[in-house]
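Data first, discussion second: the structure below is written as structure tokens.
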Amino acid sequence: MTRRASATVATLATVAAAALVLAGCAAESTPPAQPTPEASSAVAGLPVEHVATISPVRLAEGVVPPTNRWYSSLAFSPDLLPIYPSPLAVAPREDGLTIQVPPVAVGEKSITASFSGGLSLGLGATSLEVVRTDPVSVTVAYSAGDAERARVTLAQGSPIVAIAAATDLDITLSAAPTSVGDKAWTAVVDGVTYLLRGDAQVSGSTVSVGSGKTLQVAGLPKGADPAAWASAIGDPVTDVASSYVVGDSDVTTRLAYEGTDRTVVVPFAGRTAASSCDLGTYDTPYGPLQACASSTLEWTVPRITAQTAYDFDGLDDTTRQTIAAQATADLADTPPTPADTYFGGKGLARIASLLELGKALGDTQLVSAATDRLATELKPWTDPSGCTTEATRCFVYDDVLHLVVGKQPSFGSEEGNDHHFHYGYFLFAAGVLGTERPELVDGMRPVMDALAADVAAGSAELPALRAFDPYRGHSWASGPAPFADGNNQESSSEAVSAWNGLATWAAAAGDDSLGTEAAWLLSSEADAARTLWLEPENLPAGFTHTMVSLNWSSKRDYATWFSADPSAILGIQAVPVGPVSLQYLGKDPKRVAENVADAGDTAFTGPLGDYVQAYSALASPDAATAAATAFAARATFDDGWSKALALAWAAAAERSQ
């Protein structure tokens, strides 16, 4: 999430995952959209229970509830809230909608572009419901009584709203449009020009669209040429298809805006399009975004490889022995893991990390003891029918929200909040245990495959890519997104950890297709964590911090859900620091030092200060040595970490520089 309050949801009967080996070194895949009802079950054996107090309120029959989406509030919020198909802001109403190119406002701790008004389009409707979804786009049907009047399609990266008339439709605008050419008009509201394109008739402020025809409405960037836009817009976008290529050194994501051979798309921060981008530039909280005459977006990020253990070959004997002795003590001092899915998952991951540390150090006794402990602690969670007899440490299937829910829930997980954070810990622990004891994999498979399906892979009952937004390249955390600023994600590092856990389980389970998907998710999320959270570019004057801790659909905050302390604001971006973190957290040592300095005098002593100290070790070898010294003297660590794991991190950070 809403971190403390976290997909692809598509319609039924669309394609499932497919993979193709290219040139012997890369895999091209289509992320699984909602699998067909005939697809294999991922929740077989789980008890069925509607745990949450919420249910969809605007969802057509047969459409899987779209939790953890930028548009989730459309389906769930009792009062309609603005949504943000970048670069637009859209405020839906029961009778229509208002479209805006929102202005950006900058404060010391926030950069906002929240909905504040715009071009209103009255559709003469009395209700609306979500009738089609995919990872990037959504279609909403507007009706008057039982008669459908129009369908509106919105997509991330599309500055164009498509209104398809189901009957002869009179659309009432809040500003009278002016003709700018054949089938093209403009209307100006608050200095923003909106282009109307379609087979329509205009009389005053009323636009008449015949049954079966479509009106497209675009919010133009400042100074854009309406004629160039009118020429660039073809048929309306109907949906967006996502695909990816996983290569040896990089990962490429491709979005195809379907239903048209030409349109206008807007790459997200730092991304590119397949064609020219000379149609103007939007000012957004994520920096300037260019408008491009294209129907595809495609970009590449460095590949991140799943990693569970440090490379300690050549580590000096004194350091090795110190860490090993501390790890043995930490394992003995590890309390029983909690019963909720967040802290319980972190506890399991702590034991798994100590197991992996023992392997890296060559300490067979530690490995054996940690493996036994992990098997014991994880076992109750892996019984598919556990919730038929137990109240906690088990999972159920919520057939109303289409969720796998752990009992007892935490931080709103019963509503879909933070599922990738929670279940990433479980998948990591199960993958580590399954690698060490392969004979346990089949016993863990039913529940772990259900968790994997819930957050990413999908199944007949579960949406694919529940948390991940292919356009943004990162996950969303809040299930129903009940906020006027859209959806959000706080802990970028726990999102990275989620996909590292997914990849770890996929390897132990021998699931190559899931492993390929996990590599795409892991690489994309790690790049976003670095470029959007910890090392963002284009931070505007007036914003007085060097990083962002909470990214929303419409704004960016230097804040957390749980603490105003600067140490927490930075520290939550390192939880749970570990071997995979070395591949992306310290790419810019200078920026690491700046972020730590920005956290102030209590950076290492405030909430999550142990993680800030760990992050600081990436700034220089001297900082890594200082972190090791501080960790040796420190008495308390976060519940998902330990002194031995901290000492190991400092040693690995120093060796990596």
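The values are calculated or read from the model by the stated rules, or taken from the named source; none is laboratory data. From a predicted model like this one, the values you see are computed outputs, not experimental measurements. Note that each Cβ is placed from the backbone with ideal geometry, even for glycine, and that neighbours are counted across all protein chains shown. The accessibility values were calculated without ligands, DNA or RNA, using every heavy atom of the protein model including side chains. Shrake-Rupley method; radii C 1.70, N 1.55, O 1.52, S 1.80 Å.
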In region 289-344, the chymotrypsin sites (Phe, Trp or Tyr not before Pro) that sit in a DSSP loop and have at most 10 other Cβ atoms within 10 Å of their own Cβ are none
For region 229-280 versus region 379-409, the gap between their alpha-carbon centres in whole angstrom:
40 Å
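Using DSSP to call loops (not H, G, I, E or B), can you name the GluC sites (Glu not before Pro) in region 328-429 whose Cβ has at most 14 other Cβ atoms within 10 angstrom?
Numbers: sites: GLU356, GLU377, GLU390, GLU414, GLU415; in loops: GLU390.
For GluC sites (Glu not before Pro) across region 328-429 that sit outside H, G, I, E and B with at most 14 neighbouring Cβ atoms in 10 Å, the list reads GLU390.
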At 1.4 Å probe radius, can you tell me the per residue accessible area of the chain in Å²?
34 Å²
Loop-located trypsin sites (Lys or Arg not before Pro) in region 323-365, at most 15 other Cβ atoms within 10 Å (DSSP):
none
Given unit charges at Cβ for Lys, Arg (+) and Asp, Glu (-), the dipole magnitude of region 278-360 about its Cα centre in debye, nearest 20, is 220 debye
Within the accessible area of region 519-573, what % is carbon and sulfur when the probe is 1.4 Å and the other protein chains stay in place?
50 percent
Dividing the helical contributions, -39500 (n - 2.57) per DSSP H run of n ≥ 4, by the residues of the chain yields a 222 nm value, nearest 500 deg cm²/dmol, of -8500 deg cm²/dmol
Assigned charges on the beta-carbon of Lys, Arg, Asp, Glu; region 148-209 dipole about Cα centre (debye):
120 debye
So, with a 1.4 angstrom probe, what is the percent of accessible area on region 393-453 that is carbon and sulfur?
49 percent
For the chain, size of Cβ-based charge dipole, Lys and Arg +1, Asp and Glu -1, in debye:
780 debye
Hydrodynamic radius (Kirkwood) for the chain, which is based on Cα pairs only, to one decimal in Å
25.3 Å
Which percent of the accessible heavy-atom area of region 141-238 goes to carbon and sulfur, probe 1.4 angstrom?
43 percent
Run the numbers on region 365-499 and let me know its relative contact order in percent, using alpha-carbon pairs under 8 Å that are six or more apart.
21 percent
Indicate the gyration tensor shape class of region 389-475 (rounded, prolate or oblate), computed on the Cα atoms with a ≥ b ≥ c the square roots of the eigenvalues: a/c under 1.5 is rounded; otherwise a/b larger than b/c is prolate and the rest oblate.
oblate
By a straight-distance test (C-alpha under 30 Å), which lysines pair with LYS183 as possible cross-link partners, with residues fewer than eight away in the same chain excluded?
LYS213, LYS222
Too long at a 23 Å Cα-Cα cut-off: which of LYS346/LYS587; LYS346/LYS379; LYS359/LYS643?
LYS346/LYS587
